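Novice: Dropping a structure here in structure tokens format, bear with me for questions.
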Amino acid sequence: MRRILITGSTGQIGSELTVELRRKFGGENVISTGHKRRPTGSALASGPFEFLDLDKEEEILTIVRRYDIDTIYHLAAILSAKGEEDPKMAWNVNMKSLINILEVARKEKVEKVFWPSSIAVFGPSSPRDNTPQETILNPTTMYGLTKVTGELLCNYYFHKFGLDVRSLRYPGIISSETLPGGGTSDYAVAMFYDAIRSGRYACYVRKDTELPMMYMPDCIEATIGIMMADAGRLKRHDAYNVAGMSFSAGALAEEISRHIPGFECTYEPDSRQKIADSWPRSVDDSAAHKEWGWKPKYDIRSMTEDMIQKVRAKLSNAGKG
Ligand code: AKB
């Protein structure tokens, strides 16, 4: 059996995707990589880990050859809010790593590559409700620029070299395992932690700010789902819109209050408000439904119930430790 390589495997999505792929395909067959720290925790430590500098094509090549890799999930990236602090660094990290992965993949005849795009490809001139699959892509963040360029690049490698690249436009992802870092949608995760710890949260976007979101189990399902889909059914190799749920910051606070009576959320918008205002409130993911059977399971109610339970258990275990 050939093997799977994951970049960014200590991040919010990578940490949970690694565990699920190892459960499905066996620990030894999933190579997790990162460039800063070794993963902690038994689940992530349940298979090979390699330090990998994605800036260096030859390092990627060495690992792909050493492990006989046939599938790559390239998740490492700088997200939207962090990208605005140092736009040049965001461009360099996001674009250099992607082109290096695509180059190694085509040269080594890797079978499939997954690369995440984002709702950040849209901008203020895109329709904000039920945003279509095909519409104006005119982002105003550097992160969004790298996602539009990345989509074009993936599509180019598919048509020019026949490399099977697949991609999703992730909405904000909500999860309890690994905290997100540097994104605009991170408030949806932080609100749970602060609500459980202290019963209050100062939210950095307005109460009426509505964004598309997805719970991690659906995110993992969508990511593996598109990679397992029959190639003949996929009409696109740039990226598919995928929706889970859409809600405002105020609606999430209200839902959390049902579990934590007296929870108090205040709203103190900062520079991330402008980014959120440039993104869709909801997206049309009918192409994903039709072409590869995408169907989310969680809505705001079931996600909140599960998050409260998981974050409570996590914080109470951490308190004991
Ligand atoms: C971010 O907020 O930057 C990301 C995203 C929506 O791509 N979570």
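Novice: With every protein chain left in place, what is the accessible area of SER286 in Å² (1.4 Å probe, nearest 10)?
Specialist: 60
Novice: Still on this model: If amide H atoms are built 1.01 Å from N in the plane of the peptide, which residues on other chains or at least 5 residues away come under 5 Å of the amide H of ARG3?
Specialist: Residues meeting the amide H criterion: ILE69, ASP70, THR71.
Novice: Hey, another quick one. Express the accessible area of the chain per residue in Å², computed with a 1.4 Å probe while the remaining protein chains stay in the model. It would help to have the intermediate numbers written out before the result.
Specialist: Values: 13950 Å² over 321 residues.
Each residue of the chain exposes 43 Å² on average to a 1.4 Å probe.
Novice: Once you sort the root eigenvalues of the Cα gyration tensor of region 196-321 as a ≥ b ≥ c, which label holds: rounded (a/c under 1.5), prolate (a/b larger than b/c) or oblate (the other case)? Intermediate results must be reported in sequence, preceding the final value.
Specialist: Working: a/c = 2.61, a/b = 1.57, b/c = 1.66.
The shape class here is oblate.
Novice: Using the per-residue mean of other Cβ atoms lying within 10 Å as a proxy for protection, in what order, highest first, do the peptides 297-304, 8-15 fall? The partial results should precede the final answer.
Specialist: On the way: 297-304: 17.0, 8-15: 23.9.
Going by the mean number of other Cβ atoms within 10 Å, highest first, we get 8-15, 297-304.
Novice: Computing the accessible area with a 1.4 Å probe over protein heavy atoms, can you report the carbon and sulfur percentage for the chain?
Specialist: On the way: 6990 of 13950 Å².
Answer for the chain: carbon and sulfur cover 50 percent of the accessible area.
Novice: Set the bar at 23 Å for Cα to Cα. Now go through LYS82/LYS297; LYS235/LYS295; LYS96/LYS295; LYS112/LYS310; LYS107/LYS295; LYS24/LYS314 and name every pair that lies beyond it. Each step should come with its number before you reach the end.
Specialist: Details: LYS82/LYS297 30 Å; LYS235/LYS295 18 Å; LYS96/LYS295 33 Å; LYS112/LYS310 33 Å; LYS107/LYS295 34 Å; LYS24/LYS314 25 Å.
Pairs exceeding 23 Å: LYS82/LYS297; LYS96/LYS295; LYS112/LYS310; LYS107/LYS295; LYS24/LYS314.
Novice: Quick one: go through region 176-214 and flag any residue whose amide nitrogen is under 14 Å from the point 7 Å out along the Cα-to-Cβ line of ASP86.
Specialist: 182
Novice: Right, next: Which residue, chosen from ALA276, VAL148, PRO124, occupies the Cα position most advanced towards the positive end of the dipole of the chain, where the dipole is computed from +1 (Lys, Arg) and -1 (Asp, Glu) charges on Cβ about the Cα centre?
Specialist: VAL148
Novice: In cubic angstrom, how much convex hull volume per residue do the alpha carbon atoms of region 111-235 span? If you can, show how the numbers build up before the last one.
Specialist: On the way: hull volume 16.4 nm³, N = 125.
With only Cα atoms used, region 111-235 gives 131 Å³ per residue.
Novice: Could you tell me the calculated FRET efficiency between ALA190 and ARG312, based on Cβ-Cβ distance and R0 = 25 angstrom, to the nearest 0.05?
Specialist: Numbers: r = 15 Å, r/R0 = 0.62.
Once the sixth-power term is evaluated, E becomes 0.95.
Novice: Along Cα→Cβ, 7 Å out, is where each label goes; now give me the distance between the ones at GLU305 and HIS159 in nm to one decimal.
Specialist: 4.7
Novice: Quick one: how many Å² of SER176 are accessible to a 1.4 Å probe, rounded to 10?
Specialist: Its heavy atoms expose roughly 10 Å² to the probe.
Novice: Convex hull over the alpha-carbon atoms of the chain: what's its volume per residue in Å³?
Specialist: Values: hull volume 39.6 nm³, N = 321.
Per-residue hull volume (Cα only) is 123 Å³.
Novice: In region 179-220, which residues have a backbone nitrogen under 12 Å from the label point lying 7 Å from SER248's Cα in the Cα-to-Cβ direction?
Specialist: 206-211
The values are calculated or read from the model by the stated rules, or taken from the named source; none is laboratory data. These numbers come from a predicted model, not from an experiment. Virtual Cβ from ideal backbone geometry, glycine too; neighbours counted across all protein chains shown. Ligands, DNA and RNA are excluded from the accessible area calculation, which covers all protein heavy atoms including side chains. Shrake-Rupley method; radii C 1.70, N 1.55, O 1.52, S 1.80 Å.
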